[in-house]
Amino acid sequence: MRKSLLDIHGMHQKGEKIAMLTCYDASFAGVLESGGVDVLLVGDTLGMVIQGHDTPLPVRLEHVAYHVSCVARGSRTAFLMADMPFGTSQRSPEDTFANAAELMRAGAQMVKIEGGADMAPTIEFLVSRGIPVCAHIGLTPQSVHQVGGFKVQGRDESAARRILHDARTVEQAGANWLLLEAIPRALADQVCDSVDLPTIGIGASPRCSGQVLVIYDMLGLGSYAPPRFVRLFLRETDSIEAAVRLYVSEVKAGHFPDSQHCYSS
Ligand code: KIV
């Protein structure tokens, strides 16, 4: 049976780490699931690793819905999260709900929305109408042109304060999970201490309730230089399934990420 939101919350409450990877097709879904991955994310990174763009911005709602349906057909037990791509969550809560509903119809159990306090009304609207939401804060790649590149966020005091405020505000709005991307480890620890909801880190801290990586990055297949937070698990093993199993066991043991995969303040 597929894991539910309650199952993942149970893991968080028991202190069991959540292992999450991105996934875009049925074959990988089967391999990741048998490797022990708890959560599959159909991320808008598909714009880069599948479609060959430099940013996730060209990804459209129908692309994510298509890949969600592929991953849903290829998996049976993992929890399935879908990204709301650029331009599909910014117009109004009502419009965002209609877009999120498309992804839920395709098989998603939760949507991920980039943005903090500014997205609180939208998060509240969706959650109160039955759509679980993961709020993605810190580096939000859909804002790449506004922040001037895929850069670590929250290094100065006011930016750090803003990220803490974002975390508390989206929790109050009812966000179910929080994803923290590319922020200093000390700030990620502060965020984890300030909220009760499960936190998923990518370039954040081992203190997070779980971790996520882009599957092609951890296999060393990216066409770009891997960010600091990526560990090349396939280089340490001899098959994709073994790399996934190693990732899951390192996350569960709290060994990944270690300091070489985290950012200093
Ligand atoms: O789109 C994606 O794959 C993501 C991960 C980087 C967390 O948002």
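The values are calculated or read from the model by the stated rules, or taken from the named source; none is laboratory data. Keep in mind the model is a prediction, meaning the values are calculated, not measured. In this analysis, Cβ positions are derived from the backbone assuming ideal geometry, glycine residues included, and neighbour counts consider all displayed protein chains. Note: areas computed on protein heavy atoms with side chains; ligands, DNA, RNA excluded. Shrake-Rupley method; radii C 1.70, N 1.55, O 1.52, S 1.80 Å.
Observations
- Heavy-atom accessible area, probed at 1.4 angstrom with all protein chains present, ranks M48, M81 as M48, M81, highest first.
- Computed over the chain: relative contact order in percent, which uses C-alpha pairs under 8 Å that are six or more apart: 19 percent
- Prolate/oblate/rounded call for the stretch 122-177, Cα gyration tensor, a/c under 1.5 rounded: oblate
- Excluding ligands, DNA and RNA, the accessible surface per residue across the stretch 5-261 is 41 Å² with a 1.4 Å probe.
- Euclidean distance between Cα centres, the stretch 1-57 to the stretch 86-101, Å: 22 Å
- Summed side-chain charge close to L213 - residues other than L213 whose Cβ falls under 13 Å, Lys, Arg +1, Asp, Glu -1: -1
- With all projection directions averaged, the alpha carbon convex hull of the chain covers 12.2 nm².
- For V71, net neighbour charge (Lys/Arg +1, Asp/Glu -1) across residues whose Cβ lies under 10 Å away: -1
- Cα gyration tensor shape of the stretch 198-265, rounded if a/c is under 1.5, else prolate or oblate by comparing a/b with b/c: oblate
- As a fraction of the 1.4 Å probe accessible area of the stretch 5-261, surface on carbon and sulfur atoms comes out at 49 percent.
- For the chain, modelled as a GNM whose springs connect Cα atoms under 10 angstrom apart, the maximal fluctuation among A225, A204, A243 occurs at A225.
- The solvent-accessible area of S128, taken with every protein chain present and a 1.4 Å probe, is close to 80 Å².
- Rounded accessible area of K17 (nearest 10 Å², 1.4 Å probe): 40 Å²
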